[in-house]
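A.B. asks: Here it is: the structure, laid out below.
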Amino acid sequence: MARIAVTDGMSTKAVEMLEKMGHEVTLRHFGKEEIDSGTLSDFDAVVIRSATKLHSRQISASVSDEGGLQFIGRAGVGVDNIDINEATKYNIKVCNTPGASTRSVVEFTIGHLIASTRNIVTADRSLRSGIWAKKELRGSEIGGKSLGLIGFGRIARGVANAAIAFGMQVHAYDPYVVDSPEGITIHKEVDDLFRNCTHISIHCNLTEETRNLVNSHRISLMPRIGTDGIECGKHIVSCARGGIVDESAASKALASGDLQSLALDVFENEPLDDSPLLSHESFHGSPHIAASTMEAQSRIGVEMAELLIEFFETGSTRTSLN
Ligand code: MLT
């Protein structure tokens, strides 16, 4: 029997799967101070989402002479909140569930893209304040425009398929991917992607290489006119990780009118507090909920429960990041 801490929630079905196998599940959010002081060393495994950070200090505090963590499960995709090297040093297995939320994030990205280009959020804001802005809120179609994907993994490919169905021309940049699917223009240089696309969507991890990758210079490279000849302006969407879009540069570009719209589900600092972005009508955001659907959370929970069960039965897992 293993003691498993689940700090950022897990589906009931997944909890039941673990309990049925005799594991003890504690569903509770542990704050940074508690983790720093070694609370997680009372558990054999922890399952986290993005709200819990396990950097080197928290990992070393989670092991003790008597035992402590053997498994860190990331219920989701991004592992920038886990120091995997430190976990490896202590022989702690790190696993995520990379494919379980793909469809949800794809749908949400397209939702943000269309909400931006058709002024859906602005329309709702003005409607609520008693303004019937029928003449003012003229948007642009995404069909006939070019979408640039930064990162070309599972989610980006799903977004590409949907965008193609809407009549967009799709471009992608990913230095770690070698294949080039038919109908998609792959760029070797990220600047070339910006030069060719009126719309940009981010799908890469946050690393030192990608931090502030979307900056003033690159925004300035984007064309304002679609491949259909319509002046649609420049649009950027990110449902990947905060810190890849330079928020201060994007805010200045919105203020100057260089950027027509910005939609973010992820922020450099979460929860988002007082940000200059919030003063722009052409910005809209959401609180990191791209993967928050019943379907994705159920798939993520079940997949994570299976990994935990396998790990505590056999000492290893089908998939792990270290
Ligand atoms: C993920 O990486 O899976 C998503 O950003 C969702 C999350 O962290 O909660």
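A.B. asks: If one computes the Cα centroid of segment 1-24 and of segment 44-64, what distance in Å separates the two points?
C.D. replies: Taking the Cα centre of each part, segment 1-24 and segment 44-64 sit 17 Å apart.
A.B. asks: What does the charge dipole of segment 195-311 about its Cα centre add up to, to the nearest 20 debye, if the Cβ of each Lys and Arg holds +1 and the Cβ of each Asp and Glu holds -1?
C.D. replies: Roughly 500 debye for segment 195-311.
A.B. asks: Output the antiparallel fraction of DSSP beta bridges having both residues in the chain, as a percent to the nearest 5.
C.D. replies: Bridges in the chain are about 5 percent antiparallel.
A.B. asks: While we're here: When the helices in the chain are scored as -39500 (n - 2.57) per DSSP H run of 4 or longer and the sum is shared across all residues, what 222 nm value do you end up with, to the nearest 500 deg cm²/dmol?
C.D. replies: Mean residue ellipticity at 222 nm (helix-derived): -9500 deg cm²/dmol.
A.B. asks: Just order 303-309, 51-57, 314-320, 243-249 by mean Cβ neighbour count inside 10 Å, highest at the front, would you?
C.D. replies: Those peptides, ordered most packed to least, come out 303-309, 243-249, 51-57, 314-320.
A.B. asks: How far is it, in nm, from the label point at Glu16 to the one at Asp179 when both lie 7 Å from their Cα along the line to the Cβ?
C.D. replies: It is 3.7 nm.
A.B. asks: Count the net charge of all other residues whose Cβ sits under 14 Å from the Cβ of Pro181, scoring Lys and Arg as +1 and Asp and Glu as -1.
C.D. replies: -1
A.B. asks: Another question, then. Take peptides 217-229, 192-204 and line them up by average Cβ neighbours within 10 Å, highest first, as a rough protection proxy.
C.D. replies: 192-204, 217-229
A.B. asks: Please give the Cα centre distance for segment 221-236 versus segment 247-297, rounded to the nearest Å.
C.D. replies: Segment 221-236 and segment 247-297 have Cα centres separated by 20 Å.
A.B. asks: Any idea how far apart Ile114 and Glu141 come out in nm if each label point goes 7 Å out from Cα toward Cβ?
C.D. replies: Spacing of the two 7 Å Cα→Cβ label points: 1.4 nm.
A.B. asks: Further, regarding this structure: Normalised by the number of residues in segment 229-322, what is the relative contact order in percent for Cα pairs under 8 Å and 6+ residues apart?
C.D. replies: Value for segment 229-322: 23 percent.
A.B. asks: With label points built 7 Å along Cα→Cβ from the Cα atoms of Asp228 and Thr88, find their separation and express it in nm.
C.D. replies: My value for the distance between the label points is 4.8 nm.
A.B. asks: Report the far tail of the P(r) of the chain, meaning the percent of Cα-Cα pairs longer than 29 Å.
C.D. replies: Result for the distance tail: 42 percent.
A.B. asks: Right, another one. In whole angstrom, how far apart do the alpha carbon centroids of segment 75-106 and segment 111-171 sit?
C.D. replies: Value for the Cα centre distance between the two parts: 30 Å.
A.B. asks: Between Glu310 and Leu27, what FRET efficiency follows from the Cβ-Cβ distance if R0 is 25 Å, with the result rounded to 0.05?
C.D. replies: Working from the Cβ atoms, E equals 0.75.
A.B. asks: Where does the charge balance sit around Asp246 when Lys and Arg score +1, Asp and Glu -1, over other residues with C-beta under 10 Å from its C-beta?
C.D. replies: Its environment carries a net charge of +1.
A.B. asks: Contour minus end-to-end for Asn212 and Asp80, with contour as 0.36 nm per residue of separation and end-to-end as the Cα-Cα distance?
C.D. replies: 46.0 nm
A.B. asks: Using 0.36 nm times the number of residues separating Glu66 and Ala165, minus their current alpha carbon distance, what extension gain do you get?
C.D. replies: Here the answer is 30.0 nm.
A.B. asks: Hey, another quick one. Per residue of segment 93-100, what does 6.51 cos²θ - 1.76 cosθ + 1.60 with θ = phi - 60° give for ³J(HN,Hα)? Whole Hz please, x for Gly and Pro, Karplus curve as stated.
C.D. replies: 3J(HN,Hα) across segment 93-100, in whole Hz: 6, 10, 10, 10, 10, x, x, 5.
A.B. asks: Just want the answer: with Cβ charges of +1 for Lys and Arg and -1 for Asp and Glu, which residue in Gly257, Ser316, Gly9 is farthest toward the dipole's positive end in the chain?
C.D. replies: Farthest towards the positive end: Gly257.
FYI, it's all coordinate maths here, none of it is from the lab. All of these numbers come straight from a predicted model, not from anything done at the bench. Every residue, glycine among them, receives a Cβ derived from its backbone with ideal geometry; neighbour counts consider all protein chains shown.
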